[in-house]
Every structure is written in C-alpha cells, then in structure tokens.
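K.L.:
Please find one structure pasted underneath; my questions will follow.
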Amino acid sequence: MDVKLGELSSWILTRDFTPKGITGAFQRGYNRYYNKYINVRKGSIAGVNMVLAAYVLFSYCLSYKELKHERRRKYH
Amino acid sequence: MNENLFASFITPTLMGLPVIILIVAMPNIFIPSSNRLLTNRVLTLQRWLIQLILKQMMAMHNNKGRSWSLMLISLIIFIGSTNLLGLSPHTFTPTTQLSMNLGMAIPLWAGAVILGFRHKTKSSLAHFLPQGTPVPLIPMLIIIETISLFIQPMALAVRLTANITAGHLLIHLIGGATLALLSISVPTALVTLIILILLTILEFAVALIQAYVFTLLVSLYLHDNA
C-alpha cells in the first residue's frame, strides 16, 4: 500500500466521509476488483467464487449467535 | 432443535440495522453491465442467457405485451439469482419471506388485470364464462371464476414462499439427521446420498422461477390480448 502503518491515523483524517465520498470509495473498490479479476480476457470462475466465499463468511458472522449452540461440547 | 430449525429464516439485523437491504441488493453485483460489443467471459455468458430467456418468453406476445419485457426479465433474473444465492451455506434468502413475495405478486397481477379491463373490457369480462356452459350453471360458474381470479396473486406468492422455505427446511433437517447418524454410522451413506440428491433437485429452484414468471406471463397474455 502507499500509506505506511505509522501514518494510518493521519491518513484516515484526510478521507472524505460525506455520502458522496463513501459512495465514491465503494465505487472505486468495486471497479478495482472488477477490472482485476472479471474484466480480463480469460477470466476464470475464481473471480466470482471469491465474492461468493466472502458473502458466505459474512452470513456466517451474522448468524453466529444462533450457530453457537450447535458446537460439539459436553456442556453447552 | 425446534428453535434452531427456524432460526435461519429470521430477518437479519446487525445491532438493529436492517442488513436485509444489503442482502436483497447482493445479486446486483453479480450482474455487471457494459457498453462494449465484445465483453469479458462473465458478461458474455450472462448476455447469452438473457437473450435466450428473452426470446423464449416474449415470443408469444404482441407488441403491447412486449413492452413488459424489461419488467419480466428483471423479475426472472432477480428471483433466480436470489434463490441460487440462498443455496450457499449460512446465507439468508429473501424470497422465503411471504411479505416480499406478496409485494412482488400483487402489483404485477393487479397491473395486468387492470390493463386488460381498461383496454379490452368486454374481452376481459368474457373470461369469466367459458364457452359452451349449460345455462343453469352460469351463476355458479361466474362466482367460481371470480374466486379463481382473485386467488391468482395469493397463489403466486404462496407458491414461491412455500417451495423455497420447504426446500431449505428439508436440507436443514436431513443435514442434521446425517450428522446425528454419523456416530451410529450404519445408514450414513444412504442418508448422505439422499442429501446430495435433494440438493440437486432443490437446484431446480431455478425451475421455480420459471414457473413464477410463466404463470405471471400467462395471466398477462390472457388479459392483454390486443
């Protein structure tokens, strides 16, 4: 990355947190991923699969509270 | 077990924030758009599929009915992608909620019926009485046809909800049964095979969208026969 770890706090303060800025950030992130993995000449299934895996992980985090009870423990 | 079975159908919230908005908008990022003629593989595949569906579905309509093609193609893509995404582990499927399916079914059905009544009133009213019925049966038949007309949106919504929910519940149940039988391990292979077959059949949830849009389509066609 172009931002060093020690400068992280001062870099975050320079960011634009208005709705337009946040939208721009999401758009830039999406375009970066899209142009690197999907919009290529011989794109493979891995480009879509990474997004699906991230979605599964996100859903797991959301439903962790209910899934806690299904672990193999002697005493729950 | 009882409480856990239906826990996957609760609308997900993150500290009070409705995450369901993100989840409903999730299929959107899998369907990009582009202005170019020659696109990447993912986009080419999707365009080919959409072209296939469009030609198949809009073939039997006249020009007036074909003005609905954008609506119907978006409908089938949304329901198809949402159902398929819901087959991944731990995900939440919005189409299991009856509220959302009713919100999709009622406006579309009402639009088709009202359009038919406005533009071709006589022909729409004539649908209530099939040809060649004996005269004494007419009052009862009109009542029956009216009831069957008003049940159409309910049937559309409940059909989609019940099918998807039942499929998900079955997967949960049989998966749990397999895990429980693993320690006993006698019919484990058989039950695992049943899970596999059931999952494959459930992937014909895509066929369910086909059923959804087709039923909607038939209704639109019958009423807007300009």
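The values are calculated or read from the model by the stated rules, or taken from the named source; none is laboratory data. Predicted model only: the values in this text are computed from it and were never measured. We place every Cβ from the backbone using ideal geometry, glycine too, and count neighbours over all the protein chains shown.
K.L.:
Are there any helices (runs of 4 or more DSSP H) wholly within the stretch B:1-99 with 1 or more residues that are of a type in the set (F, W, Y) and facing chain A (nearest Cβ under 10 Å), and if so which?
P.N.:
Those helices (runs of 4 or more DSSP H) do not exist here; none qualify.
K.L.:
Could you run through the stretch B:79-113 and say how many residues are β-branched (V, I, T) and exposed (fewer than 14 other Cβ atoms within 10 Å of the Cβ)? Break it down into steps so the answer makes sense when it comes.
P.N.:
The first filter runs over the stretch B:79-113 and keeps only residues β-branched (V, I, T), leaving B:79, B:82, B:91, B:93, B:95-96, B:106, B:113.
Subset that is exposed (fewer than 14 other Cβ atoms within 10 Å of the Cβ): none.
Looking only at that region, the number is 0.
K.L.:
Determine the pairs where a residue that is at the interface with chain B (Cβ under 7 Å from one of its Cβ atoms), located within the stretch A:54-71, has a partner that is of a type in the set (D, E) with Cβ atoms under 9 Å apart, the partner being 6 or more residues away or on another chain.
P.N.:
What qualifies is A:E66/B:E3; A:H69/B:E3.
K.L.:
For B:G116, which of the numbered conditions (1) surrounded by 18 or more Cβ atoms within 10 Å (Cβ to Cβ); (2) modelled with pLDDT under 85; (3) part of a loop (DSSP other than H, G, I, E, B) fails to hold?
P.N.:
The single condition B:G116 does not satisfy is (3).
K.L.:
Can you tell me which residues in the stretch A:31-51 are at the interface with another protein chain (Cβ under 9 Å from one of its Cβ atoms) and either surrounded by 11 or more Cβ atoms within 10 Å (Cβ to Cβ) or of a type in the set (G, A, S) (or both)?
P.N.:
The answer is A:Y34, A:I38, A:N39, A:V40, A:G43, A:S44, A:G47, A:V48, A:V51.
K.L.:
A follow-up question, please. So B:P136 passes all but one of these: (1) at pLDDT below 80; (2) in a helix (DSSP H, G or I); (3) over 18 Å from the mean Cα position of the chain (by Cα). Which condition number does it fail?
P.N.:
Answer for B:P136: the failing condition is (1).
K.L.:
Can you tell me which residue is farthest from the chain's Cα centre (by Cα) among those in the stretch A:52-69 that are of a type in the set (S, T, Y) and surrounded by 15 or more Cβ atoms within 10 Å (Cβ to Cβ)?
P.N.:
At the first step, the residues of the stretch A:52-69 found to be of a type in the set (S, T, Y) are A:55, A:59-60, A:63-64.
Right, trim to surrounded by 15 or more Cβ atoms within 10 Å (Cβ to Cβ) and you get A:55, A:59, A:63.
Details: A:Y55: 9, A:S59: 13, A:S63: 18 Å.
So, considering only residues that are of a type in the set (S, T, Y) and surrounded by 15 or more Cβ atoms within 10 Å (Cβ to Cβ), the one farthest from the chain's Cα centre (by Cα) is A:S63.
K.L.:
Is it the case that the stretch A:50-70 has a residue that's over 15 Å from B:H90 (Cα atoms) and of a type outside the set (A, V, I, L, M)?
P.N.:
No - not one qualifying residue is present in the stretch A:50-70.
K.L.:
Starting from the stretch B:127-138, take each residue that is touching a residue at least 60 places away in the same chain (Cβ under 8 Å) and loosely packed, with under 10 Cβ neighbours inside 10 Å and list its partners that are in a loop (DSSP other than H, G, I, E, B) and of a type in the set (G, A, S), counting only C-beta distances under 7 angstrom and pairs at least six apart or across chains.
P.N.:
Every condition considered, no pair remains.
K.L.:
Here is a follow-up. Any idea which of B:L17, B:L37, B:L5 is at pLDDT 70 or above, out of contact with any Leu (no Cβ under 8 Å at 6 or more places or on another chain) and not polar (S, T, N, Q)? Lay out the reasoning, then the answer.
P.N.:
Numbers: B:L17 fails: at pLDDT 70 or above; B:L5 fails: out of contact with any Leu (no Cβ under 8 Å at 6 or more places or on another chain).
Of B:L17, B:L37, B:L5, the one residue that is at pLDDT 70 or above, out of contact with any Leu (no Cβ under 8 Å at 6 or more places or on another chain) and not polar (S, T, N, Q) is B:L37.
K.L.:
Same structure, new question: Under 9 Å between Cβ atoms, which residue pairs at least 6 apart in sequence (or on different chains) link something in the stretch A:25-40 that is assigned to a helix (DSSP H, G or I) and among the β-branched types (V, I, T) with a partner that is at pLDDT below 90 and exposed (fewer than 14 other Cβ atoms within 10 Å of the Cβ)?
P.N.:
So the pair list comes out empty.
K.L.:
Does the stretch B:214-222 include one or more residues that are exposed (fewer than 14 other Cβ atoms within 10 Å of the Cβ) and modelled with pLDDT of 70 or more?
P.N.:
The answer is no; no qualifying residue exists.
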